[in-house]
2 protein chains.
Amino acid sequence: MKILKTITAAFLLSFTVANAQESLDFSGKKELVSPEVNGSNVTFRLKAPDAKSVKLVANWLPQKGWEPGTVDLQKNENGVWEISQTNLPPDLYTYSFLVDGVKVDDPNNVYLVRDIANVMNLVYIDGAKSGNYKVQNVPHGTVAKRWYPSKGMKTDRRITVYTPAGYEKSKEKLPVLYLLHGVGGDEEAWMTLGRASQILDNLIAQGKAKPMIVVMTNGHMSNAAAPGESAKGFYKPVMMTPDVFNADMETYFKEIIDFTESNYRVRKEVNSRAIAGLSMGGFHSLYISANYPNTFGYVGLFSPAVMPPQNAQSDIYKNLDQKLKNQLNNHYKLYWIGIGKDDFLYKNVADFKQKLDGMNFKYQYVESAGGHTWSNWRVYLNDFLPLLFK
Amino acid sequence: MKILKTITAAFLLSFTVANAQESLDFSGKKELVSPEVNGSNVTFRLKAPDAKSVKLVANWLPQKGWEPGTVDLQKNENGVWEISQTNLPPDLYTYSFLVDGVKVDDPNNVYLVRDIANVMNLVYIDGAKSGNYKVQNVPHGTVAKRWYPSKGMKTDRRITVYTPAGYEKSKEKLPVLYLLHGVGGDEEAWMTLGRASQILDNLIAQGKAKPMIVVMTNGHMSNAAAPGESAKGFYKPVMMTPDVFNADMETYFKEIIDFTESNYRVRKEVNSRAIAGLSMGGFHSLYISANYPNTFGYVGLFSPAVMPPQNAQSDIYKNLDQKLKNQLNNHYKLYWIGIGKDDFLYKNVADFKQKLDGMNFKYQYVESAGGHTWSNWRVYLNDFLPLLFK
């Protein structure tokens, strides 16, 4: 029959006439493996015969001030540069290469993550500490990108909503965690760098965390959505937007609660609401929970920025002591603070704790190794979730 | 007050002690702009003072066989390589650099997309033809990553589900389009390379397409989800999985319809169901619609692969003529075929059309310029959606 050529044959025949096709690699050519992970050891490789220098830039290497750490790769006779890193503790790491000074993502590793304006490769080291960061064979929740109307900001704004496995078919009302990102993030950060959906799926499957809805907001109120996802188009992201401390996030946060509670099957008691955030998101969680009296039964401050700027004028930032006293009198269930010993905000958090101690404000405090890092924030989330909604 | 240092001051002070912090760039240093888009002209720049050669690899440049087209950048006195491309027709394009033979994504452009094992930068040229590919100030639908149970594959599998703006609060039942990817894709491809959610949001807002639910499946049945999103972990994707023509997709497609119709508020008449796909997804759409008698009122084949391999044994691929006759007798509303003049599958589609003509099987046929490309598939989707559910 005329058309009984196989599609494979059609593919092969077409090589002679190919033009304007998506690149379809049928060559099966042997490619470099990078990263090659063996237990806690990883080998990185890059083919660059003409390069004079290839460095690995990686977040497990000691930083030099604010500059990321680097280490040189060695070139072999085939023009392939290589380096092995051994005994990496279980975690999800980021890296890239510097080839003669040019930043190069590993062309053999398609797993990339963006942090502000920097795109890096991911490499995962399995182990007890990182096991909840990987996708396991457990029931998976649904992750939705959704838009809520913000009257305050006069636009629809994007949120990420995690609903646990079985939510859609159940009739049970669920508690809600509002989970906030840092100054470099957006409504995608807890999913991409934070591995929140994997951590939630795994903790819930293990029976360690209660099934809950998690609403991940965008704390840069002048952005309707993450870079590239709003009508602003494909602009280059910057870390600081002008709105970071203008109290819009705190002022209009109720819109997000109202949207969640009128669009999802949720419990609406104080002790079924939690709010937590990292860095700037810790700042937001602190001031939102203090300004919304008797709204949140659980508060989590992960490496929090705790002070407003001196020129902040909003009432949101005023009379914090009195607001904290009200919060105390409302008998919250948990006020949780985590910070790394090397965090640049360590001293500020210590001062804030002293203030809390002075007013007998109860809190749980976790001091970890390390600094102001996603490595810590994933651990904090993994440790915080089992404490909620008990 | 002791803690009344501003957070900005804390950030600045911390420079002296910084270690183990996420990289936070407060330097405000002037960075290169790349790509710089001015109307239909784009300038690409890369700082690489030590490089001997920098090439632009881009999908608008003429291909050499299956190899993508390239053009040389020119180096200026500051070690910055630069090239301008003029009069690019409105579209969403992909590109990367080759620096002394090493594939380098543009470090000044955070917008990246993966196609199989290749990650490329995006650059968008605005215009009438591409306007629906950008996020506009219109109501936005919800995009959810969700898992359905597959008894056939003995695992949960991931789908992407688009529900139009207002779906959650409405009581109206909506029609459903099942939208299938090609051999290099997965359940994310129509969203990332295909800009399906933007096209849907915009066409619906313009009143040109009916509000509908769109279910985007993963046609590689041995993969539970896109690379990195299943328990297979962070493996390197390959184009061909062994399951491409083993009929699992067609055999178990009913599970996806059943899941959709029992989990979403949808119309269940034949003329409220559509199926469409590109390349391998066109093949799937052809055989699914032919094997599910009287299920789909609308069928779209975008640059379809139309023939099974000669060694395909499943009954799914047998007696196609008789199945098409049944389909014809069931009075479908639309059978739509689109292909580019330069597509390597052009001849196969011409043969298939001849078969359809021979049995008076009605179809709409669109022959476009170009080949087997996302540029065409976005246009086909944009043209096909307004024809549905009328």
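The values are calculated or read from the model by the stated rules, or taken from the named source; none is laboratory data. What you are looking at is a predicted structure, and each value in this text was computed from that prediction instead of being measured. For neighbour counting, all protein chains shown are included, and Cβ atoms are generated from backbone atoms with ideal geometry for every residue, glycine included.
Of note, A:Gly281 satisfies the criterion of being outside any strand (DSSP E or B), in contact with a Ser or Thr (Cβ under 9 Å, 6 or more places away or on another chain) and modelled with pLDDT of 95 or more. In the stretch B:288-317, the residue that is nearest to the other protein chains (Cβ to nearest Cβ) out of those that are surrounded by 24 or more Cβ atoms within 10 Å (Cβ to Cβ) and part of a helix (DSSP H, G or I) is B:Ile288.
Checked against (1) crowded, with 18+ Cβ neighbours inside 10 Å; (2) at pLDDT below 95, A:Asn76 passes all but condition (1). Residues that are assigned to a loop (DSSP other than H, G, I, E, B) and either more than 28 Å from the chain's Cα centre (by Cα) or within 8 Å of chain A (Cβ to nearest Cβ) (or both) within the stretch B:34-54 comprise B:Ala48, B:Pro49, B:Asp50, B:Ala51, B:Lys52, B:Ser53, listed in sequence order. In this structure, does A:Tyr111 turn out to be under 21 Å from A:Pro227 (Cα atoms), in contact with a Gly (Cβ under 8 Å, 6 or more places away or on another chain) and assigned by TED's automatic domain parsing to the domain that holds A:Leu174? Considered against the rule, which asks whether it is under 21 Å from A:Pro227 (Cα atoms), in contact with a Gly (Cβ under 8 Å, 6 or more places away or on another chain) and assigned by TED's automatic domain parsing to the domain that holds A:Leu174, A:Tyr111 comes out as no. A:Val99 meets each of the listed conditions (1) within 25 Å of B:Asp115 (Cβ to Cβ); (2) more than 8 Å from chain B (Cβ to nearest Cβ) apart from (2).
Any residue that is more than 21 Å from A:Gly101 (Cα to Cα), at the interface with chain A (Cβ under 10 Å from one of its Cβ atoms) and outside any loop (DSSP other than H, G, I, E, B) - is there at least one of those in the stretch B:87-95? Scanning the stretch B:87-95, I find at least one residue that is more than 21 Å from A:Gly101 (Cα to Cα), at the interface with chain A (Cβ under 10 Å from one of its Cβ atoms) and outside any loop (DSSP other than H, G, I, E, B), so the answer is yes. Condition check for A:Tyr111 on (1) crowded, with 17+ Cβ neighbours inside 10 Å; (2) without any contact (Cβ under 8 Å) to a residue 60 or more places away in the chain; (3) out of contact with any Phe, Trp or Tyr (no Cβ under 6 Å at 6 or more places or on another chain): one failure, at (3).
Checked against (1) aliphatic (A, V, I, L, M); (2) modelled with pLDDT of 95 or more; (3) under 26 Å from A:Val306 (Cβ atoms), A:Ala144 meets all criteria but (3).
How about the stretch A:116-129: which of its residues are among the hydrophobic types (A, V, I, L, M, F, W, C) and either in contact with a strand residue (DSSP E or B) (Cβ under 7 Å, 6 or more places away or on another chain) or not in a loop (DSSP other than H, G, I, E, B) (or both)? Once the filter is applied, which keeps residues that are among the hydrophobic types (A, V, I, L, M, F, W, C) and either in contact with a strand residue (DSSP E or B) (Cβ under 7 Å, 6 or more places away or on another chain) or not in a loop (DSSP other than H, G, I, E, B) (or both), the stretch A:116-129 yields A:Val119, A:Met120, A:Leu122, A:Val123, A:Ile125. Among the residues of the stretch B:291-318, those that are over 17 Å from B:Ile256 (Cβ atoms) and among the aliphatic types (A, V, I, L, M) comprise B:Leu301, B:Ala305, B:Val306, B:Met307, B:Ala312.
Please tell me if A:Val119 is modelled with pLDDT of 95 or more and surrounded by fewer than 20 Cβ atoms within 10 Å (Cβ to Cβ). Answer is no for this residue. Looking only at residues of the stretch B:212-250 that are among the β-branched types (Val, Ile, Thr) and more than 15 Å from B:Tyr178 (Cα to Cα), we find that the one that is modelled with the lowest pLDDT is B:Thr241. The number of residues in the stretch A:264-290 being under 11 Å from A:Leu301 (Cβ atoms) and of a type in the set (S, T, N, Q) comes to 3. Within the stretch A:342-354, the only residue that satisfies the criterion of being more than 9 Å from every other protein chain (Cβ to nearest Cβ), in contact (Cβ under 8 Å) with a residue 12 or more places away in the chain and surrounded by fewer than 21 Cβ atoms within 10 Å (Cβ to Cβ) is A:Lys353. Hey, among the residues in the stretch B:360-390 that are part of a loop (DSSP other than H, G, I, E, B) and more than 14 Å from chain A (Cβ to nearest Cβ), which one's modelled with the lowest pLDDT? Here the answer is B:Lys390.
None of A:Val113, A:Val102 is in contact with a strand residue (DSSP E or B) (Cβ under 9 Å, 6 or more places away or on another chain) and either at pLDDT below 95 or more than 24 Å from A:Gly370 (Cβ to Cβ) (or both) except A:Val102. For the structure I just gave you, tell me whether A:Val104 is in contact (Cβ under 8 Å) with a residue 40 or more places away in the chain, at the interface with another protein chain (Cβ under 9 Å from one of its Cβ atoms) and either in contact with an Asp or Glu (Cβ under 6 Å, 6 or more places away or on another chain) or surrounded by 22 or more Cβ atoms within 10 Å (Cβ to Cβ) (or both). Judged against the criteria, A:Val104 is a match. Restricting attention to the stretch B:231-263, the residues that are in contact with a Lys or Arg (Cβ under 7 Å, 6 or more places away or on another chain) and not acidic (Asp, Glu) total 1. Pairs linking a residue in the stretch A:256-279 that is in contact (Cβ under 8 Å) with a residue 24 or more places away in the chain to a residue that is hydrophobic (A, V, I, L, M, F, W, C) and part of a helix (DSSP H, G or I), with Cβ atoms under 8 Å and 6 or more positions apart or on different chains, are A:Arg273/A:Ile257; A:Ile275/A:Ile288; A:Ala276/A:Leu381; A:Ala276/A:Phe384; A:Gly277/A:Phe283; A:Leu278/A:Trp377. The residue that is surrounded by the fewest Cβ atoms within 10 Å (Cβ to Cβ), counting only those in the stretch A:55-64 that are assigned to a loop (DSSP other than H, G, I, E, B) and free of Cβ contacts under 8 Å to residues at least 60 places away in the same chain, is A:Pro62.
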